[in-house]
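Only one structure is covered here, and it is reproduced in the block below.
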Amino acid sequence: MKTKAYIQLVALTAVLTIAVVLRWYPGESHSTFTTLGTLGALALTADLLGFLLPGGVTGSISFIPYITAVILAPDLYAVLAVVTSGAIAQLSRDRSLQKFVFNCSQLAVTYGCAVVAYRTLGGVSLFSLRDMSVADATFAVGRPMTIAYLIVFGLNGLLVSQVVALSKNSTAWRVWKESNLSTIGLDILAIPLVFAFAWIYARFGPMIASVIWMPILGLRQLNTANIELQQTNRELLELMIKSIEARDPYTSGHSRRVKEYAVQIARLMGYDAPTVEKIGTAALLHDVGKIYDKYAPILAKEARLSPQEWAIIKEHPADGANLIATMTRLRELVPAVMHHHENWDGSGYPHGLHGENIPLASRVIMFADTLDAMTTKRPYRGPLDEAAVRSELVRCRGKQFDPEIADRLLTSDFWRTLFPPAGRRTPTPRFLSLIAGNRQ
């Protein structure tokens, strides 16, 4: 219901936005129809070659001809051309009515606001400046064009992230980071590219602009292939983890929770972004060694383990490390996985490392792994409460746990993640199809 109400709100906003553009900038002639038709066709080629970003959002470079339309014909006709091109793209993908309405509406809101901002800040049609030098034209419309671009980038991201967040019971910020973080640099660097493309169109006409469009599209597709490969790799890792956890109903979701905790702890400790990412990936894979058949009957056992079974379980860090070592891109994670059961006082396994000899990532994973084990149901006990978990951290500080990390956790707000305030309920997951929007 929330998703439907949100889509209706966006649709209503789209109608109001078009009404404002119609009132202020209705368009003075039909001379731009050829331009808008050409740009709409170029945008359609980009939309048809769209790609799926993390979070279920569809991406393309259709924003380049769309914003070019705003710069060349900053009026109602540009907005209608963008919406028409987007609608054709949606119909070609056989979208549901709800998705169709949302995507067309968010295009109207996004590019309608861009037109208003561009004109309000003094922007004019680049056709009227084509006899100027590139430097003079840039000075004349550079600021309004940049603001219009940022409005497109921000509004599109906000509207699409919010609808996906509602469908996934997530937050817009989390969805935005998931979908945009890997491409934000390219999106920002595209600002001069958009202006250059618009200038070429205004100065040399649609034929030359169409020729230039082909290599732009090709370069984006190369980058798209890299993004899709990274996404495939992440999904394969997730699939492997799920196959391991399927053997033990009591640890279903364990590796993903450990990853989330490890990332939060790493950020709390102030580690840089590459280190946080490395720790998160290692945490996701920390139990990958349990995929071997020798662990299956032990993981399925509900009673406490015998000494012989416990000895076999202790082999999983080395098995996991050896398995990861076969993958070139993951070899740097071998020490983190190998030593995630080493204790600060040297009493852990498999090598009895102690203190700072234990890899940093392993120390963080030790915390995340233990916290998840203590706060989830086990065959032999229920989840521990906040007081018991805190007590255990204090008791094992300097023995099992890195004392510096333990002290930071004990005095931080991290506990709100583990133990939400009384009365705050976790939303019940429900199935809703993701609505993929045209992202820039």
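The values are calculated or read from the model by the stated rules, or taken from the named source; none is laboratory data. On a predicted model such as this, the values are computed, not experimentally measured, just so you know. Neighbour counts are summed over all protein chains in view; Cβ atoms, including those assigned to glycine, are modelled from backbone coordinates with ideal geometry.
Structure data summary
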| read-out | value |
| --- | --- |
| Any hit, the stretch 376-387, residues being outside any loop (DSSP other than H, G, I, E, B), surrounded by fewer than 18 Cβ atoms within 10 Å (Cβ to Cβ) and among the aliphatic types (A, V, I, L, M) | yes |
| Checklist (1) touching a residue at least 60 places away in the same chain (Cβ under 8 Å); (2) touching a strand residue (DSSP E or B) at 6+ places or on another chain (Cβ under 7 Å) applied to Ala361, failing item | (2) |
| Flag for Ser170 being of a type in the set (S, T, N, Q) and not in a helix (DSSP H, G or I) | yes |
| Residue in the stretch 120-137 that is closer than 30 Å to Ala172 by Cβ, at pLDDT 90 or above and in a helix (DSSP H, G or I) present | yes |
| Residue check for Gly382: free of Cβ contacts under 8 Å to residues at least 40 places away in the same chain and either β-branched (Val, Ile, Thr) or under 21 Å from Gly270 (Cβ atoms) (or both) | no |
| Extreme residue, surrounded by the most Cβ atoms within 10 Å (Cβ to Cβ), among residues of the stretch 397-411 that are at pLDDT 90 or above, closer than 15 Å to Ala368 by Cα and of a type outside the set (D, E, K, R) | Phe401 |
| Of all residues making up the stretch 277-332, the number that are acidic (Asp, Glu) and either farther than 18 Å from Ile365 by Cα or exposed (fewer than 12 other Cβ atoms within 10 Å of the Cβ) (or both) | 3 |
| Residue list for the stretch 263-309, restricted to those being part of a helix (DSSP H, G or I), of a type in the set (D, E, K, R) and closer than 16 Å to Asp369 by Cβ | Lys290 |
